[in-house]
Amino acid sequence: MPEDPLSHWPEGLLSSGRPPQLVRPLPGGLSNASYLIEADGSLWVLRINSPIPMPGIDRDREARILKHAVAAGLAPEVLCCAPDSGVLITRYIDGRHWRPHELGAGSRQDRLLELIQSVSRLSAEPPALDYRALGREYLARMRGDTALMQRKLADLDVLLEEMSPQSSSLTLTHHDPTPENIIEADGRLFLLDWEYAAPGPAGLDPAVLVREWRLTPEIVASACGQDPATLRQSLALYDLLCDMWRLLMRGGQAAR
């Protein structure tokens, strides 16, 4: 935790005359630290980026995508986005995270599917997420035995070569629409944590709905306009990326 997170608050931002107040630290990702801040009578999330981001993160791309996402009502209001100074300030959403077992077959499921389709309709700001480069960065950061990661990287190369043109057709992809990153407030759904958002295979976010939200592939394929074979390839890609991420987090110590 920085000695004084508020030292990162841009001077002159909001004008009530009362200085911003630190409420509490928030659970943060590996590539940043986040804090709940009260300023000008409202609550905000101050994210301070790590000077060495995790692989796959492009802060300039994130800033461009956030403009589109906020305008479409898919992301919280952005008060300040300054990639050069490593600061992002967004409105705090005081809401409730849905859980997979609460979806059922009714309106919540439909709203979740529509949310993911709305993301795919946003402008696909480049650059696309390069999964091969991502895997190589994972490998470079490994400690200890890297043999399993090397095999996963080889599997990734084969899978990407085999993916059909439909599977590799790019749309704006959030890459992490998990229950932790979707929140409901005032009757609206918001997606949080857009730092990995980038052009990606059209079936990848739908694949997350199958794996993390436990929706059936048939329902997701139909709602998202995905060919079942294309969705299967996206599921294989998502599973492989998750395997590689878990290996990275475990430092290469996974049993072979």
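Just so you know, all these numbers are worked out from the coordinates, no wet-lab data involved. It should be emphasised that the depicted structure is a prediction, and the values quoted were computed from it without experimental measurement. Positions of Cβ are backbone-derived with ideal geometry, glycine not excepted, and every protein chain shown enters the neighbour counts.
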Modelled FRET efficiency - R0 45 Å, D145 with E180, Cβ distances, 0.05 increments: 0.90
Relative contact order [Cα under 8 Å, 6+ residues apart], the chain, whole percent: 18 percent
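As a footprinting exposure proxy, order D157, D58 by other Cβ within 10 Å, with the fewest listed first.
Numbers: D157 13, D58 19.
So the residues, fewest neighbours to most, are D157, D58.
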Residue-span extension gain [A71 to H97] - 0.36 nm each, minus C-alpha spacing: 7.2 nm
Neighbour net charge for M54 - beta-carbon separation under 10 angstrom, K R +1, D E -1: -1
Hz values of 3J(HN,Hα) by residue in segment 48-54 - Karplus curve (6.51, -1.76, 1.60), Gly and Pro given as x: 10, 6, 5, x, 10, x, 5
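Sort the following peptides by mean Cβ neighbour count (other Cβ atoms within 10 Å, averaged over residues), highest first: 99-110, 200-211, 84-95. Spell out each step's value before the answer.
Values: 99-110: 11.7, 200-211: 24.4, 84-95: 16.7.
My ranking of the peptides, most packed first, is 200-211, 84-95, 99-110.
Between A105 and E38, what FRET efficiency comes out of the Förster formula 1/(1 + (r/R0)^6) with R0 = 41 Å and r the beta carbon distance, rounded to 0.05? List each step's numbers first, then the result.
Working: r = 41 Å, r/R0 = 0.99.
E(calc), rounded to 0.05, equals 0.50.
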